[in-house]
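**Q** Here you go, one structure.
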Amino acid sequence: MSRIRIPAALLFIGLFFELSFAQDPPEVVELYGNGVHAYFSHQNTKAYDLLTQVIEAGSKDPRAFYFRAMTLLRLGREPEGLLDMQVGATLEAEMTNSAYPVDRSLERIQGRSRRILET
């Protein structure tokens, strides 16, 4: 009976550490959320500033790069936006778990920006 408990405990500890290191600290998560809110409110400069803070904090969340890319497209800075899309795509491809719900987060983005992102 004790054989079952030890491996289960080790599995739980392993999952805990994987999840805790996969996501950003609460203050970075809050910055990201505020940046996305600013994006959807068409506050493009604010969105850019907030999402840049998330990225500069060391976040590996591909969504931060994708939303900053969409913001850059709105600001007429397409070459920079395309670079952010590439970084976001690389991070997304490297994800070993689904800590960041990329598909669900990007559902509302449509039109030309979405077509560029899909390409």
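**Q** Pairs needed: first member in the range 33-62, free of Cβ contacts under 8 Å to residues at least 60 places away in the same chain and surrounded by fewer than 20 Cβ atoms within 10 Å (Cβ to Cβ); second member anywhere, β-branched (Val, Ile, Thr) and outside any loop (DSSP other than H, G, I, E, B); C-beta distance under 7 Å; at least 6 residues apart or different chains.
**A** Pairs found: 44/71; 57/28.
**Q** Could you list, in sequence order, the residues of the range 69-81 that are closer than 21 Å to residue 42 by Cβ and not charged (D, E, K, R)?
**A** Within the range 69-81, 69, 70, 71, 72, 73, 75, 76, 81 qualify.
**Q** Continuing with this model, one more query. Where in the range 71-119 are the helices (runs of 4 or more DSSP H), entirely inside, with at least 3 residues that are modelled with pLDDT of 85 or more and exposed (fewer than 12 other Cβ atoms within 10 Å of the Cβ)?
**A** Output list reads 78-94.
**Q** Quick test for you: out of 13, 6, pick the one residue that is at pLDDT below 90, exposed (fewer than 13 other Cβ atoms within 10 Å of the Cβ) and farther than 17 Å from residue 99 by Cα.
**A** The match here is 6.
**Q** Follow-up. If you scan the range 22-45, which residues turn out to be closer than 22 Å to residue 107 by Cβ, assigned to a helix (DSSP H, G or I) and not aromatic (Phe, Trp, Tyr)?
**A** Once the filter is applied, which keeps residues that are closer than 22 Å to residue 107 by Cβ, assigned to a helix (DSSP H, G or I) and not aromatic (Phe, Trp, Tyr), the range 22-45 yields 22, 29, 30, 31, 33, 34, 35, 36, 37, 38, 44.
The values are calculated or read from the model by the stated rules, or taken from the named source; none is laboratory data. Since the structure is predicted, the reported quantities are computational estimates derived from the model, not experimental observations. Because the Cβ atoms are built from the backbone with ideal geometry, glycine has one as well, and the counts that use them run over all protein chains shown.
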